[in-house]
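The structure appears below as structure tokens.
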Amino acid sequence: MVKVDPRHTSQTCSRCGHQARQNRRSQSLFLCRVCGFSVHADVNASRNIAEKHLASLGTSLAGGPPSDGLLSPSSDEGQALALQAQGL
């Protein structure tokens, strides 16, 4: 078993690396305030944990995270998701 420090993995963008509390809009929505990347918050955090593990081995996820059909929607869709999460 490998232990990875989970601090800030749910607040850090797995695409651009920007970290801010405001990125985690709700329990389920992650929306990066810098690059607009939007994905389920648990998926984002798990990608960050995987990247931390790979970094500890001296490697990295080449070309970013694999596509799973949950990647960032268009900016308009990301805004709609953010508003929906806020109940607006």
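Here are the numbers:
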| read-out | value |
| --- | --- |
| Pairs, first on the phi > 0 side of the Ramachandran plot in segment 11-36, second among the polar types (S, T, N, Q) and surrounded by 15 or more Cβ atoms within 10 Å (Cβ to Cβ), C-beta under 7 Å, six or more apart | Gly36/Ser72 |
| Filter result for Gly36 (at pLDDT 55 or above and surrounded by fewer than 12 Cβ atoms within 10 Å (Cβ to Cβ)) | no |
| Output for segment 20-32, where each listed residue is out of contact with any Cys (no Cβ under 6 Å at 6 or more places or on another chain) and surrounded by 14 or more Cβ atoms within 10 Å (Cβ to Cβ) | Arg24, Arg25, Ser26, Leu29, Phe30, Leu31 |
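The values are calculated or read from the model by the stated rules, or taken from the named source; none is laboratory data. Just so it is clear, the model here is predicted, and its values are computed rather than measured. Quick reminder, even Gly has a Cβ in these numbers, built from the backbone with ideal geometry, and neighbours come from all protein chains shown.
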